[in-house]
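So the structure is just underneath, and the comments pick up after that.
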Amino acid sequence: KVVCVTGASGFIASWLVKLLLDRGYTVHATVRSLDDPKKTKHLLALDGAKERLTLFEADLSVEGSFDAAVNGCVCVFHTASPVLLSVDDPQTQLIEPAVKGTLNVLKSAAKVQSVKRVVLTSSMAAVAFGSRPLQSGVVVDETWFSDPLVCEQKKLWYHLSKTLAEDTAVKFAKENGLELVSINPGYVIGPILQPTLNLTSEGIMGLIKNGKELLADGVYRTVDVRDVANAHILAFENPEANGRYCLVGKVVPSFEIIKIVDELYPSLDRSERYKDGKHVEHVLYNVSRVKAESLGVNFTPLEVSIKDTIESLKEKNLLS
Ligand code: NDP
């Protein structure tokens with residue numbers, strides 16, 4: 001079976017391409033530039049790549065850019081989107097590529113008869129930031145939608161881009177008879193396959209090495225990258241899969257991540273900055289849909305994700 005993965009060089013997508021090849025799929029993978037080995041070399045080195053991986057150049061901002069890559073595919077996994085938390089111009093750096101890019105990908109998919117389903121990488125950023133306050137006792141699930149006005153007021157531009165992109169995808173799919181399933185992960189951690197840090201791995205590095213805390217509230221709604229990639233594949237393979245799936249393995253404050261790092265690597269040279277704190281948030285995330293109903297995802301224990309993250313950073317000489 002032939003499938004397409006957009007933004008294949010990314011953290012999540014690299015794992016998705018790897019797991020798809022492992023399961024015997026033929027993969028059309030899009031990258032922004034075929035000339036940058038940092039974006040392609042690790043993909044071309046995957047098991048099965050020689051026989052079943054083809055790279056395509058495609059840019060979210062160019063209409064028709066994805067036509068060649070989706071041609072002949074049964075599923076399009078649309079993961080490409082800018083992941084930036086601080087921007088000068090939210091409109092051009094985040095919102096346009098996310099929203100117009102999603103529309104471009106879906107338009108290409110809608111032209112192809114063979115495409116049975118589109119699996120969209122959305123985010124908890126498109127779920128939890130609505131008008132309902134995140135306070136003790138509330139339970140967040142797939143019925144929540146982030147509110148573009150709230151995102152704008154709070155200047156949560158990345159959240160706005162993901163919310164508008166998912167909304168655009170849902171509307172386009174409905175109007176054009178495309179099957180769409182959304183995967184909405186929290187903060188994704190785990191081993192990296194690509195040679196350079198992506199934003200969320202950089203965030204984990206920051207916690208260890210005295211960097212800047214990425215999340216304003218210091219609470220990480222973590223999920224392992226391998227579980228996220230697996231959920232994408234199950235969302236395609238299981239005909240019953242539909243709608244949105246929230247993926248949050250474990251909610252932890254930053255100091256608890258540091259505690260686990262300390263226990264696993266007592267001799268690691270690192271900052272004391274995020275060592276102390278107390279957990280104040282008691283928001284619950286209901287992930288029963290992704291666990292039980294149509295997908296059956298089992299979450300990797302947090303300790304395993306953290307250990308594997310650190311091992312991969314060491315292996316790539318990113319954690320000196
Ligand atoms: P990465 O930054 O590693 O991946 C983003 C990918 O999008 C890259 O391949 C990037 O290409 C591509 N991209 C960005 N802008 C464009 C563009 N204009 N044209 C073509 N491709 C583009 O991040 P992640 O793997 O973490 O993110 C992948 C997806 O998962 C995104 O949709 C993100 O919103 C979503 N997500 C991530 C979470 C996380 O915690 N990491 C949580 C929830 C959702 P290039 O390498 O060339 O820049």
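No lab work stands behind these numbers, since they all come straight from the coordinates. Quick caveat: nothing in here was measured; it's all calculated off a predicted structure. Every residue, glycine as well, gets a Cβ built from its backbone with ideal geometry; the counts of neighbours run over all protein chains shown.
What pairs in 155/314; 155/209; 100/171; 111/291 have C-alpha atoms more than 24 Å from each other? Let's see the in-between values first.
Numbers: 155/314 35 Å; 155/209 27 Å; 100/171 13 Å; 111/291 33 Å.
In this structure, 155/314; 155/209; 111/291 exceed 24 Å between Cα atoms.
With both bridge residues required to lie in the chain, what share of the DSSP beta bridges run antiparallel, to the nearest 5%? Intermediate values should be presented prior to the final figure.
Values: 4 of 35 bridges.
So the antiparallel bridges amount to about 10 percent of the total.
Could you derive backbone 3J(HN,Hα) for segment 209-223 from the dihedral phi with the Karplus parameters 6.51, -1.76 and 1.60 (θ = phi - 60°), listing whole Hz in sequence and x where the residue is Gly or Pro?
Result, ordered by residue: 10, 6, x, 8, 5, 6, 9, 4, 8, x, 10, 9, 9, 7, 8 Hz.
Add +1 for every Lys or Arg and -1 for every Asp or Glu among the other residues with Cβ under 15 Å from the Cβ of residue 173, and state the total.
Working: positive: 107, 111, 116, 117, 171, 174, 244; negative: 166, 167, 175, 179.
Computed value for this residue: +3.
Let me make sure I get this right: for segment 149-239, a, b and c are the square roots of the gyration tensor eigenvalues over alpha carbons, sorted descending. Under 1.5 in a/c it's rounded, otherwise prolate if a/b > b/c, else oblate. Which is it?
Working: a/c = 2.82, a/b = 1.38, b/c = 2.04.
It is oblate, given that a/c is not under 1.5 and a/b is not larger than b/c.
Quick one: grab the alpha carbon gyration tensor of segment 14-79, order the square roots of its eigenvalues as a ≥ b ≥ c, and give me rounded if a/c is under 1.5, else prolate or oblate depending on whether a/b is larger than b/c. Each step should come with its number before you reach the end.
Values: a/c = 2.03, a/b = 1.25, b/c = 1.63.
Taking the square roots of the gyration eigenvalues as a ≥ b ≥ c, segment 14-79 is oblate.
Compute the orientation-averaged projected area for segment 5-122 from the convex hull of its Cα atoms and round it to one decimal in nm².
Details: hull surface 28.6 nm².
About 7.2 nm², averaged over all directions.
List the relative contact order of the chain as a percent without decimals, with contacts defined as Cα pairs under 8 Å and 6+ residues apart. Can you show the working numbers first?
Numbers: 637 pairs, mean separation 56.0, N = 320.
That works out to 18 percent.
P(r) of the chain in 10 Å steps, Cα pairs, percent per bin?
6, 27, 36, 24, 6, 0
Does segment 122-177 classify as rounded, prolate or oblate by the C-alpha gyration tensor (a ≥ b ≥ c root eigenvalues; a/c under 1.5 gives rounded; else a/b over b/c gives prolate, otherwise oblate)?
Numbers: a/c = 2.75, a/b = 1.52, b/c = 1.81.
Because a/c hits 1.5 or more and a/b fails to exceed b/c, segment 122-177 counts as oblate.
For the chain, what is the mean residue ellipticity at 222 nm derived from helices alone (per DSSP H run of n ≥ 4: -39500 (n - 2.57); sum divided by total residues; nearest 500 deg cm²/dmol)?
Numbers: 12 runs with 121 residues, N = 320.
Mean residue ellipticity at 222 nm (helix-derived): -11000 deg cm²/dmol.
If you take every residue apart from residue 159 with its C-beta less than 12 Å away from the C-beta of residue 159, what net charge results, scoring Lys and Arg +1 and Asp and Glu -1? Mind showing how you got there, number by number?
Values: positive: 154, 155, 162; negative: 147, 152, 166.
In short, 0.
For each of 282, 159, 78, count neighbouring Cβ atoms within 10 Å of the residue's Cβ, then give the residues from fewest to most. Walk me through the intermediate numbers first.
Values: 282 11, 159 25, 78 31.
Least crowded to most crowded, the residues run 282, 159, 78.
What's the local net charge at residue 60, with K and R +1, D and E -1, over the other residues with C-beta under 11 Å away? Working shown, then result.
Values: positive: 32, 100; negative: 59, 63, 96.
Spelling it out: positives minus negatives among the neighbours equals -1.
For the ranges 133-146, 297-310, 164-177, 108-121, what's the packing order if you count other beta-carbon atoms within 10 Å of each residue, average per peptide, and put the highest first?
Values: 133-146: 14.4, 297-310: 18.4, 164-177: 16.9, 108-121: 20.3.
Ranking, from highest mean packing down: 108-121, 297-310, 164-177, 133-146.
Return 43, 34, 319 ranked ascending by Cβ neighbour count within 10 Å, so the fewest neighbours appear first. Each step should come with its number before you reach the end.
Numbers: 43 23, 34 12, 319 20.
Neighbour counts put them in this order, fewest first: 34, 319, 43.
Normalised by the number of residues in segment 189-300, what is the relative contact order in percent for Cα pairs under 8 Å and 6+ residues apart?
Details: 116 pairs, mean separation 36.5, N = 112.
33 percent.
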